[in-house]
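Participant: Structure incoming, see below.
Values in this text are rule-based calculations from the coordinates and carry no lab data. Given the structure is predicted, the values throughout are model-derived calculations rather than measurements. Positions of Cβ are generated from backbone atoms using ideal geometry, with glycine treated the same way; all protein chains shown enter the neighbour counts.
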Amino acid sequence: MAEFTMELNDEQKEVRDWIHGFAADVMRPAAAEWDEREETPWPVIQEAAKIGLYSLDFYAQQFFDPTGLGIPMAMEELFWGDAGIGLSIVGTGLAAVGVLANGTEEQIGTWVPQMYGDVDDVKVAAFCSSEPDAGSDVAAMRTRAVYDEAKDEWVLNGTKTWATNGGIANVHVVVAVVDPEAGSKGHASFIVPPNTPGLSQGQKFKKHGIRASHTAEVVLENVRVPGHCLLGGKEKLDERLARARENGERVKNAAMATFEASRPAVGAMAVGTARAAYEEALEYARTRSQFGRPIIDNQGVAFQLADMRTQIDAARLLVWRASWMAVTGKPFTSAEGSMSKLFASEVAKKVTAQAVQILGGNGFTREYPVERMHRDAAIYTIFEGTSEIQRLVIARTLSGMPIR
């Protein structure tokens, strides 16, 4: 078991610097353009694929880093580059985590490579959980999956929303209800293979931030998938549902298993955006003069920067702790994963707002990147569990009570 450390080893530092170089040289120069276009930055994803940054191998190496710091380190550097492009590069990872968390070894080996494609034919994947009436309340999910025993096929019907890469993905991972009477325990995840009839893109959302990342509805109309596309297999599902019916035993929810594995990574994304805004504000405060001196000489500005840096470092430490706990198998007895996501998300919103304020009128224009960073940061307190839901998870874990 790896001991917790706050010092990256030489190999990790080399990877960090490599990602940072890509973020600085490729992502940042393209960020404003793709934010304005509100389109998936395929050329940037292609460049990431060429160097091996957008690939199953790269994320597998980071995922299996025994210290747990590989993924948060990578996320921080990519989102330091740009949140919208960063999410376009890593959005496939959420679908991959959905398969890794719930699938068999054969399913992992079959489907995860197809999510990324190859250098000459880059693909993306989508994880589809939220619905128009079921976001934080996963028990309200309505998308149904019915088993056709005669054909060994599952028939999916429903509408998913807020799906990153929804409709443009090569592979969709869809969470659906298989047993309505079991509530949130009656959910399962399914692979929808490429070009499956009945799956279509619904509304594409025009967003406040992360505009280079494609977000859309996914409509499922009598979508038929082979039985082997049920993640984990039918035998495992039947056993799980039987336990839930017989004694109410607490069983793993398909969507929650994915989110539990990804929350510290989202916290790392927030840290990257916050750090980028802080660095812009620090440089501006050093070079912008008013009343004959740099504005950083003013205590009101200097103290803001001191608080910003302190909060960013504290957020990173919470993320690293949760990531280390997850990889070493230590239980989140105080909801440490949710803590890291909650705190880092709130820090990103606050720090980016302070950066805009320090830049004054310039910070309010699109000529300076802090305006975009401030818009991007708003998503962190919303997706993969709002800040309110994180607080609820933490409170329930601490108290053992069904707080509502």
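Participant: Classify segment 82-142 as rounded, prolate or oblate, taking a ≥ b ≥ c as the square roots of the eigenvalues of its Cα gyration tensor: rounded when a/c is under 1.5, otherwise prolate if a/b is larger than b/c and oblate if not.
Facilitator: Because a/c hits 1.5 or more and a/b fails to exceed b/c, segment 82-142 counts as oblate.
Participant: Now, a different point. Between 0 and 90 degrees, rounded to the nearest ten: what's the tilt of helix 28-37 against the longest Cα principal axis of the chain?
Facilitator: It works out to around 60 degrees.
Participant: For the chain, set up a Gaussian network in which alpha carbons nearer than 10 Å are linked by springs, and say which option among Trp162, Trp18, Trp324 fluctuates the most.
Facilitator: Trp18
Participant: Could I ask something else about it? Calculate one ³J(HN,Hα) per residue across segment 66-81 by plugging θ = phi - 60° into the Karplus curve 6.51 cos²θ - 1.76 cosθ + 1.60, and present them in order as whole Hz with x for glycine and proline.
Facilitator: With coefficients 6.51, -1.76 and 1.60, one gets x, 7, x, 8, x, 5, x, 5, 5, 4, 4, 5, 5, 7, 5, x Hz.
Participant: Also, quick follow-up: In whole angstrom, note down how far apart the Cα centers of segment 364-393 and segment 35-112 are.
Facilitator: Going from one Cα centre to the other spans 20 Å.
Participant: Using modelled amide H (1.01 Å from N, peptide plane; none on Pro or chain starts), what sits under 5 Å from the amide H of Arg288, excluding residues fewer than 5 places away?
Facilitator: So Arg288 has HN proximity to Ile295.
Participant: Additional query: Ranked highest first by the average count of other Cβ atoms within 10 Å around their residues, in what order do 93-101, 145-153 fall?
Facilitator: So the order, starting with the most tightly packed, is 93-101, 145-153.
Participant: Turning to a different aspect of this structure: With θ set to phi - 60° and the Karplus curve 6.51 cos²θ - 1.76 cosθ + 1.60, what are the ³J(HN,Hα) couplings of segment 367-374 in order, to the nearest whole Hz, using x for Gly and Pro?
Facilitator: 6, 10, x, 5, 4, 5, 4, 5
Participant: Straight-line reach only, C-alpha to C-alpha below 22 angstrom: list the lysines that Lys13 could link to, leaving out same-chain residues fewer than 8 apart.
Facilitator: Within the straight-line limit of under 22 Å, Lys13 reaches these lysines: Lys50.
Participant: In segment 283-317, which chymotrypsin sites (Phe, Trp or Tyr not before Pro) are in a loop and have at most 14 other Cβ atoms within 10 Å, using DSSP for the loop call?
Facilitator: The qualifying sites are Phe291.
Participant: So what's the gap between the Cα centers of segment 166-219 and segment 274-344, to the nearest angstrom?
Facilitator: Cα centroid of segment 166-219 versus Cα centroid of segment 274-344: 34 Å apart.
Participant: List the chymotrypsin sites (Phe, Trp or Tyr not before Pro) within segment 43-83 that DSSP assigns to loop and that have no more than 14 neighbouring Cβ atoms inside 10 Å.
Facilitator: Here the sparse-neighbourhood loop sites are Phe64.
Participant: Could I ask something else about it? Working from Cα positions, state the angle (0 to 90°, nearest 10) between the long axis of helix 299-327 and the longest principal axis of the chain.
Facilitator: Taking the Cα atoms of the chain, the angle to 299-327 is about 30 degrees.
Participant: What are the ³J(HN,Hα) values, in whole Hz, obtained from phi via the Karplus relation 6.51 cos²θ - 1.76 cosθ + 1.60 with θ = phi - 60°, for each residue of segment 82-91 in sequence order, with x given for Gly and Pro?
Facilitator: 5, 6, x, 5, x, 5, 5, 7, 9, x
Participant: Given the -39500 (n - 2.57) contribution per DSSP H run of 4+ residues, what per-residue ellipticity at 222 nm results for the chain, rounded to the nearest 500 deg cm²/dmol?
Facilitator: -17000 deg cm²/dmol
Participant: Near the amide H of His187, under 5 Å away, which other amide H atoms are found, from residues 5 or more places off or on another chain, if H is placed in the peptide plane?
Facilitator: Val178, Ala254
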